[in-house]
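Below you'll find the structure, written out as structure tokens, and then a few comments.
Derivation of every value follows stated rules applied to the coordinates shown; laboratory data play no part. Note that the structure is a prediction, hence the values are computed from the model and not measured. Glycine gets a Cβ as well: all are built from the backbone with ideal geometry, and neighbour counts include every protein chain shown.
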Amino acid sequence: MGLEAPTRSSSCATPLPAHLDEWEQRALGDPNMLGDIAFTLGGPFHVMYPPRVGRNIQGFRAAFAQADVDGLIYYGKKANKSAAVVRACAEHGVGVDVSSTGELTAALAHGIRGAELMVTGPAKSDDLLWLATRHGALIAVDDPGELDRLAALGTSTAPARVLLRVLPAASASRFGMTDAEIDRALSALDGCDSIRLEGFSFHLSGYDAPARAELAGALIARCLHTRTLGHPATTLSIGGGFGVDYVPATAWAEFTEHVDRQWFHSGKSFESYYPYHFPAPGPAMLTAILTHDGLAERLRDNNIRLAIEPGRALLANAGFTVFRVQGSKVRHANGEPYCLVTVDGTSLSLSEQWFDSEYLPDPLLWPARPGTTTPTSVGAATCLDSDLLSWRRVPLPRAAEVGDLLIYPNTAGYQMDSNESAFHDLPIPPKVVLHDAPGDRYRWTLDG
């Protein structure tokens, strides 16, 4: 197309190359597979690799074992709807955190047992509460009225298992109960045989390990007090929010120190970004929580299990998203050319747009061919001028051509379908599951 660009121009963003697993490198290196899938499906698609979910689970388990803490893992299902992920959780013996009847029934359908379910979310419907109690799920109660409705439902089997969700001090969250509401809930449970109080839960925004450890430590005392009232109170859930490391530290530092509106199509700017470099991700963050202020020892001494609800962190490097290039044109910024590519999907399949931000790890161009570094912004196949997958002018290794594939790495955690839509009657990208096959290759199926 005749576009020549310097290796790094003033309008070209600094590179943010994603960390890639060996399985991803193999998939990208296959000369035919991704092209064949794109031809077969005729549109954008997501790729999932469940064995990586298993390795992430093992990492969290190892952190619990190293601290000698009785730990419970519940996969935050809202992070990805894939049936293959739930199946991997069932095969590795961990639970699933659900917030709707649809999520609950899907978890059961793909191998999770009722007692392995954690049911969270605000103002749960009576149908969800009834189904949860029928299957013996652990229910995180968000307000005293929910307890009243649980008691009114009654139970024909065992008592309903509940945690009381605590509103952290100085938090403006709409979730959780104040100290006064917790006291009211405890009073309501006095003499209530149909509900069994197993402990407390909370969720903190952000990725502050010490803050989680300190609130968990404070709730140990609440568990001990609750035991004096006749409740078992043996479980604390600290929720999710375990960081994921997407890009190298040096690349992230370069971006954050020098980010410039000139790097973005039409001078777009964003107020904040997800921390795409995280120095102590996933299991390492759990270790930091357990070792802070002797939390692990205090949990052991008081016979308390620690539950976690990771979503994004269990999906780290477990999938990527593929679009086909449908068109390309040359535009100019600061007197220099760049590519404006259009792909066959929408930004709704990269859900960071939901948070008025942008998914920053560099997309990869497939197939690999020699060429000149080309600043490239990526637009969607819709009539909305604001529908861009990458406002940032990504330094692609060559100019993208019609028929090429553009692959966004590490999208399994929230990016794939949190904000999906069939706008313009465009199909919602299906999920493809890769399976290891003889000869160091893959077979693939549709997620089911």
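Note the per residue figure in Å³ for the convex hull of the C-alpha positions in region 1-100. Can you show the working numbers first?
Working: hull volume 22.2 nm³, N = 100.
Per-residue hull volume (Cα only) is 222 Å³.
For a quick check: with amide H placed at 1.01 Å from N, whose amide H comes under 5 Å from A318's, ignoring anything fewer than 5 positions away on the same chain?
Placed amide hydrogens put A412 under 5 Å from A318.
Over its Cα atoms, what ratio of radius of gyration to 2.2 N^0.38 Å does region 264-347 give? Each step should come with its number before you reach the end.
Numbers: Rg = 22.2 Å, N = 84, 2.2 N^0.38 = 11.8 Å.
For region 264-347, the normalised Cα radius of gyration is 1.88.
Treating only the Cβ atoms of Lys and Arg (+1) and Asp and Glu (-1) as charged, compute the dipole magnitude of the chain about its Cα centre; round to the nearest 20 debye.
I would put it at about 500 debye.
Output ³J(HN,Hα) for region 96-101: one whole-Hz value per residue in order, computed from phi by the Karplus curve 6.51 cos²θ - 1.76 cosθ + 1.60 with θ = phi - 60°, and x for Gly and Pro.
9, 9, 10, 9, 8, 5
Order 75-87, 416-428 from most to least packed using the mean count of other Cβ atoms within 10 Å.
Details: 75-87: 24.4, 416-428: 15.5.
For the peptides 75-87, 416-428, the packing ranking is 75-87, 416-428.
Go ahead and run the numbers for FRET between A172 and L446, Cβ-Cβ distance against an R0 of 41 Å, rounding to 0.05.
Details: r = 42 Å, r/R0 = 1.03.
Result of the calculation: an efficiency of 0.45.
When 1/r is averaged over all different Cα pairs and the result inverted, which Kirkwood radius in Å belongs to region 86-134?
For region 86-134, inverting the mean 1/r across all distinct Cα pairs yields 10.7 Å.
How much length is gained on full extension from A218 to C383, taking 0.36 nm per residue of separation minus their Cα-Cα distance?
Between A218 and C383, full extension yields an extra 54.2 nm.
Considering only the chain, what is the antiparallel percent among its DSSP beta bridges, to the nearest 5? Please report the intermediate quantities before stating the final value.
Numbers: 31 of 66 bridges.
Once the DSSP bridges in the chain are tallied, antiparallel ones form about 45 percent.
Mind jotting down a quarter of the surface of the convex hull over the alpha carbons of region 298-349, in square nanometres, one decimal?
7.7 nm²
By how many degrees, between 0 and 90 and to the nearest 10, does the Cα long axis of helix 179-189 differ from the longest principal axis of the chain?
50 degrees
Roughly how many Å is it from the Cα centre of region 198-276 to that of region 23-69, as a whole number?
One Cα centre to the other: 24 Å.
Could you estimate the translational diffusion coefficient of region 108-196 from the Stokes-Einstein equation, with Rh from the Kirkwood formula over C-alpha pairs, at 4 °C and 1.567 mPa s, in whole µm²/s?
96 µm²/s
Rounding to the nearest 10 and keeping the result within 0 to 90°, find how far the Cα-based axis of helix 144-153 lies from the longest principal axis of the chain.
That works out to roughly 70 degrees.
How far is it, in nm, from the label point at E22 to the one at A249 when both lie 7 Å from their Cα along the line to the Cβ?
2.5 nm
For the peptides 311-323, 434-446, what is the packing order when you average, over each peptide's residues, the other Cβ atoms within 10 Å and list the highest mean first?
Details: 311-323: 26.8, 434-446: 12.6.
Final packing ranking: 311-323, 434-446.
Can you check what the Kirkwood hydrodynamic radius comes to for region 35-160, Cα pairs only, in Å to one decimal?
Mean inverse Cα-Cα distance, inverted, gives 16.2 Å.
Once the piece of chain linking D148 and R261 is laid out straight, how much longer is it, given 0.36 nm per residue of separation minus the C-alpha distance between them?
Additional length available on full extension: 35.4 nm.
Give the long-range amide H neighbours of G327: residues separated by 5 or more places, or on another chain, with amide H under 5 Å away, using H modelled in the peptide plane at 1.01 Å from N.
T342
As a test of the definition: which semi-axes, in Å, follow for region 322-448 when you take the square root of five times each eigenvalue of its alpha carbon gyration tensor? Largest first, please.
Output for region 322-448: semi-axes of 25, 20, 13 Å.
Hey, can you grab everything whose amide H is under 5 Å from the amide H of A160? Only 5+ residues off in sequence or another chain; H modelled, so Pro and N-termini drop out.
Counting only residues 5 or more places away or on other chains, the set is I195, R196.
What are the ³J(HN,Hα) couplings of region 297-307, residue after residue, when phi is run through the Karplus curve with 6.51, -1.76, 1.60 and θ = phi - 60°? Round to Hz, x for glycine and proline.
The phi angles translate into 4, 5, 5, 4, 4, 10, 6, 10, 8, 10, 9 Hz.
Jot down the per residue volume, in cubic angstrom and as a whole number, of the convex hull over the alpha-carbon atoms of the chain.
On the way: hull volume 66.6 nm³, N = 448.
Here the figure is 149 Å³ per residue.
May I ask you to compute the full-extension gain from D126 to T228, defined as 0.36 nm times their residue separation minus their alpha-carbon distance, rounded to one decimal in nm?
33.7 nm
I want to verify a result. In a Gaussian network model of the chain, Cα cutoff 10 Å, which of these has the top mean-square fluctuation: T373, T411, T157?
In this elastic network of the chain, the residue with the biggest mean-square fluctuation among T373, T411, T157 is T157.
Which of K124/K431; K77/K268; K81/K268; K268/K329 have a Cα-Cα distance over 21 Å?
On the way: K124/K431 29 Å; K77/K268 33 Å; K81/K268 31 Å; K268/K329 19 Å.
Over 21 Å Cα-Cα: K124/K431; K77/K268; K81/K268.
From the phi angles alone, apply the Karplus equation (6.51, -1.76, 1.60; θ = phi - 60°) to region 265-274 and give each ³J(HN,Hα) in whole Hz, x where the residue is Gly or Pro.
Here the 3J(HN,Hα) series is 3, 6, x, 4, 9, 10, 6, 7, 9, 4 Hz.
Could the peptides 131-142, 54-65 be put in order, highest first, of the mean number of other beta-carbon atoms found within 10 Å of their residues?
Listed from highest to lowest mean packing, they are 131-142, 54-65.
For a distance above 25 Å, tell me the whole-number percent of Cα pairs in region 158-265 that qualify.
Cα-Cα pairs of region 158-265 separated by over 25 Å account for 40 percent.
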